[in-house]
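A short write-up of the structure that comes next.
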Amino acid sequence: MITLNEIAKKAQISKTTVSRVLNDDKTLSVTEETRKKILQAAEELDYIPKRQRNTEKKINDSKNYEKIGLLMYLSQESEFEDPYFSAIRNGIEKRMFELGIDISKILRPPFNKKDLEGLDGLIVVGVIGQEEVENQVKQVKHLVFVDVSPNEQLYDSVVIDFEKATSNVIQYLLDLGHKKIGYIGGQSYTIGGLSGELEIRDIRKRTYEKVLTDRGLYNPEYTYIGKWTTKDGLMLMEEVIKSGNLPTAFFIGSDPMAIGAMKALSDAGLKVPDDVAIFGFDGIELCEFVTPPLSTVKVHTEEMGKAAVNLLVERINGRKLPLKVVVPTSLIIRKSCGGEGD
């Protein structure tokens with residue numbers, strides 16, 4: 001069994017700090033870099049915390065939940081850099097702790113069928129290809145997918161309505177009088193699997209294109225794609241500024257990218273929202289504290305993770321009908337978009 005000492009040694013961080021981070025101590029103040037080093041070391045060593053059971057909420061028949069797996073169908077780097085996925089995972093772990101269930105196995109691609117043998121249930125986070133579903137994860141009897149719904153006639157899933165959320169943002173910007181609306185987002189990415197790669201087309205970008213095309217306002221020159229990072233948000237906005245063809249508003253596919261884009265505008269002497277209105281996506285806490293405060297689509301990512309656990313427990317307890325849970329989003333209007341907000 002992996003110990004805290006081993007994790008501390010690998011991360012080169014004190015055992016006390018390791019223990020407090022892994023136990024989600026809210027009173028601990030550490031840098032994000034330190035937190036990432038600890039979580040990465042713990043995962044690389046396959047450390048599974050044996051937390052004290054919550055006796056009031058503990059499931060009566062615990063033997064059914066001895067082997068629950070978590071498949072993060074994305075790279076470790078993507079999870080650590082993107083608050084969207086880390087918050088989903090946090091919600092999963094919190095709910096399982098409340099129910100007295102341990103995660104017995106954490107997987108990432110590439111993986112094979114043997115890695116899934118013996119699991120009573122599996123929660124899959126991330127966009128997984130149909131080929132991997134049919135030829136690999138399908139062997140696990142009880143499955144829940146988060147952020148994708150490969151077959152709602154067969155499998156439980158928890159998703160958000162990206163199309164509706166994006167349409168609402170674009171319509172809001174149009175209502176403010178903007179005609180030149182740009183988009184900054186992450187590129188399609190590939191990840192190892194049975195087929196060797198998985199191409200993902202971002203629904204936010206696709207919906208942005210459709211809504212503006214329907215209104216005769218779409219201009220492909222206003223679309224900039226990079227990685228889902230703050231750094232790329234900054235670099236892409238710098239590229240837009242240098243082009244000399246600057247839209248009056250931008251919908252940006254993630255809050256970290258939006259924050260980077262806002263810095264690029266500030267560095268260039270441009271004001272948000274006077275010169276360029278900015279609208280982000282995710283609803284991370286930092287949005288309130290940037291200048292000006294960032295308008296965003298609030299995604300209840302932690303609740304998505306909790307809902308996935310609830311669905312899995314229901315399935316194991318005998319529910320036959322597959323359910324698709326669509327977690328609602330909401331527009332948080334702040335000063336960065338020029339609307340009436342805080």
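The values are calculated or read from the model by the stated rules, or taken from the named source; none is laboratory data. As the structure is a prediction and not an experimental result, all values here were calculated from the model. Note that each Cβ is placed from the backbone with ideal geometry, even for glycine, and that neighbours are counted across all protein chains shown. Note: accessible area is taken over every heavy atom of the protein model, side chains too, but ligands, DNA and RNA are not part of it. Shrake-Rupley method; radii C 1.70, N 1.55, O 1.52, S 1.80 Å.
Does residue 227 fit the bill of being closer than 25 Å to residue 75 by Cα and not aromatic (Phe, Trp, Tyr)?
yes
Do you know which of the residues in the range 119-150 that are of a type in the set (D, E, K, R) and part of a loop (DSSP other than H, G, I, E, B) is most open to solvent (accessible area, probe 1.4 Å)?
My answer is 141.
Can you pull out every residue in the range 253-281 that is open to solvent by less than 10 Å² (accessible area, probe 1.4 Å), in contact with a Ser or Thr (Cβ under 9 Å, 6 or more places away or on another chain) and either free of Cβ contacts under 8 Å to residues at least 12 places away in the same chain or not small (Gly, Ala, Ser) (or both)?
Selection gives 255, 257, 276, 278, 279, 281.
Being at pLDDT 95 or above, touching a Ser or Thr at 6+ places or on another chain (Cβ under 9 Å) and either in a helix (DSSP H, G or I) or at positive phi (or both) is the filter here, so list the residues in the range 174-203 that pass it.
Correct list: 177 only.
So, in the range 204-252, how many residues would count as being within 13 Å of residue 167 (Cα to Cα), in contact with a strand residue (DSSP E or B) (Cβ under 7 Å, 6 or more places away or on another chain) and either of a type in the set (D, E, K, R) or part of a helix (DSSP H, G or I) (or both)?
Total meeting the criteria: 4.
Go through the range 286-320 residue by residue and tally those that are closer than 24 Å to residue 70 by Cβ and outside any strand (DSSP E or B).
Adding up the residues that qualify gives 21.
I need the full set of residues from the range 263-287 which are among the hydrophobic types (A, V, I, L, M, F, W, C) and either more than 16 Å from residue 333 (Cβ to Cβ) or under 14 Å from the mean Cα position of the chain (by Cα) (or both), in order please.
Result: 264, 265, 268, 270, 276, 281, 284, 286.
Every residue, every condition in (1) out of contact with any helix residue (DSSP H, G or I) (no Cβ under 7 Å at 6 or more places or on another chain); (2) hydrophobic (A, V, I, L, M, F, W, C); (3) assigned to a helix (DSSP H, G or I); (4) modelled with pLDDT of 90 or more, yes or no:
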{"site": "33", "(1), (2), (3), (4)": "yes, no, yes, no"}
{"site": "41", "(1), (2), (3), (4)": "no, yes, yes, no"}
{"site": "46", "(1), (2), (3), (4)": "yes, no, no, no"}
{"site": "84", "(1), (2), (3), (4)": "no, no, yes, no"}
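Take the range 331-342 and flag every residue that is outside any loop (DSSP other than H, G, I, E, B) and either open to solvent by 50 Å² or more (accessible area, probe 1.4 Å) or touching a His at 6+ places or on another chain (Cβ under 9 Å) (or both).
331, 332, 335
Which count do you get for residues in the range 241-252 that are of a type in the set (Val, Ile, Thr), surrounded by fewer than 23 Cβ atoms within 10 Å (Cβ to Cβ) and either touching a residue at least 60 places away in the same chain (Cβ under 8 Å) or under 25 Å from residue 332 (Cβ atoms) (or both)?
The total comes to 1.
Could you list, ordered by first residue, the pairs with Cβ atoms under 9 Å in which the first is in the range 176-187 and within 13 Å of residue 205 (Cβ to Cβ) and the second is part of a strand (DSSP E or B) and open to solvent by 50 Å² or more (accessible area, probe 1.4 Å), at least 6 apart or interchain?
Qualifying pairs under 9 Å: 183/225; 184/225; 185/225; 186/225; 187/225.
How many residues does the range 288-307 hold that are among the hydrophobic types (A, V, I, L, M, F, W, C), surrounded by 22 or more Cβ atoms within 10 Å (Cβ to Cβ) and more than 14 Å from the chain's Cα centre (by Cα)?
Final tally of qualifying residues: 2.
When you scan the range 253-271, how many residues do you find that are of a type in the set (Ser, Thr, Tyr) and in a loop (DSSP other than H, G, I, E, B)?
Within the range 253-271, residues that are of a type in the set (Ser, Thr, Tyr) and in a loop (DSSP other than H, G, I, E, B) number 1.
I'm trying to understand the selection: among the residues of the range 308-318, which are open to solvent by 50 Å² or more (accessible area, probe 1.4 Å) and either modelled with pLDDT of 95 or more or of a type in the set (Asp, Glu) (or both)?
310, 314
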